[in-house]
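Notes follow the structure.
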Amino acid sequence: MSWPVPTGRDCMGTLWYVASCSLDGYRADAEGRFGWSAPSEEVHTFINDVLRNVGTYVMGRRMYETMKVWDSMPAGQSRATDEYASIWDATDKVVCSDTLPDVEMRRATLEPRLTVERLEKLVGSTDGVVSVDGPTTAAPALRAGLVDELHLFVVPQVVGGGLRALPDGARLTFTLADERRFENGTVYLRYRRP
């Protein structure tokens, strides 16, 4: 399944923010853990279908450190993980960090500091989907109103605090474009800018 790529801005590309979060809106708990949001096989397969549309991932140092495991993920763990490893391998990555001297990830470039203006140019230079990943890296883009679509996977967990999936200070209006419930209680919500 491939989703139609929407156009929501004057430039050619589309900016997405895709995140799993707890019922109380956190991407990671107070100890920095997020294992509670690990997707079931059903959810992972659906996530793969969503992410198949992404041409470029933009991420910060923490997300880079989390995701670089996909460059060496052994095959055969599950159909969904094998499929995602293939999707990941075929996608460009921009790692934004002023503390990393280099990045050790296939198809990745290092951007010392990501500004809203730089992200806007990156999105404008593509005719596909750019996904800004990680709540800290995505926060300036969300506050500036650059994100065209939110893809949220709400997990049936209340964690009581931690790193918020959506930043304080952002005042945005989105329209619900799609939703889906999964057997494990996760709910997918897709929102578009009107």
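All but one of (1) touching a residue at least 60 places away in the same chain (Cβ under 8 Å); (2) outside any loop (DSSP other than H, G, I, E, B); (3) under 23 Å from L166 (Cβ atoms) hold for D24, so report the exception by its number.
Unmet condition: (2).
Take the range 56-96 and flag every residue that is under 12 Å from the mean Cα position of the chain (by Cα) and either of a type in the set (A, V, I, L, M) or surrounded by fewer than 17 Cβ atoms within 10 Å (Cβ to Cβ) (or both).
Result: V58, M59, M63, M67.
Restricting attention to the range 136-179, and to residues there that are in contact with a helix residue (DSSP H, G or I) (Cβ under 8 Å, 6 or more places away or on another chain) and part of a strand (DSSP E or B), which single residue is nearest to E31 (Cα to Cα)?
Once the filter is applied, the top-ranked residue is L163.
Residues to consider are T66, T81; find the one that is under 21 Å from E41 (Cβ atoms), in contact (Cβ under 8 Å) with a residue 24 or more places away in the chain and not aromatic (F, W, Y).
T81
I want to confirm something. Restricting to the range 21-79 and keeping residues that are acidic (D, E) and modelled with pLDDT of 95 or more, which single residue is nearest to L122 (Cα to Cα)?
D49
Looking at (1) assigned to a loop (DSSP other than H, G, I, E, B); (2) closer than 18 Å to G134 by Cα, which is the only condition W88 fails?
W88 satisfies all of (1) assigned to a loop (DSSP other than H, G, I, E, B); (2) closer than 18 Å to G134 by Cα except (1).
Scan the range 147-159 and tell me whether some residue there is over 16 Å from the mean Cα position of the chain (by Cα) and under 19 Å from H44 (Cα atoms).
yes
What are the residues in the range 84-107 that are more than 20 Å from A139 (Cα to Cα), of a type in the set (A, V, I, L, M, F, W, C) and touching a residue at least 40 places away in the same chain (Cβ under 8 Å), if any?
Scanning the range 84-107 gives a single hit, M105.
Taking the residues in the range 6-18 that are surrounded by fewer than 21 Cβ atoms within 10 Å (Cβ to Cβ) and of a type in the set (A, V, I, L, M) as candidates, determine which candidate is modelled with the highest pLDDT.
Out of the qualifying residues, it is V18.
Just the residues that are in contact with an Asp or Glu (Cβ under 9 Å, 6 or more places away or on another chain) and either under 18 Å from R52 (Cα atoms) or of a type in the set (V, I, T) (or both), please, taken from the range 152-176.
If the condition is that a residue be in contact with an Asp or Glu (Cβ under 9 Å, 6 or more places away or on another chain) and either under 18 Å from R52 (Cα atoms) or of a type in the set (V, I, T) (or both), then V158, V159 are the ones that fit.
The values are calculated or read from the model by the stated rules, or taken from the named source; none is laboratory data. Keep in mind that what you see is a predicted model, and the values were worked out from it rather than measured. Every residue, glycine among them, receives a Cβ derived from its backbone with ideal geometry; neighbour counts consider all protein chains shown.
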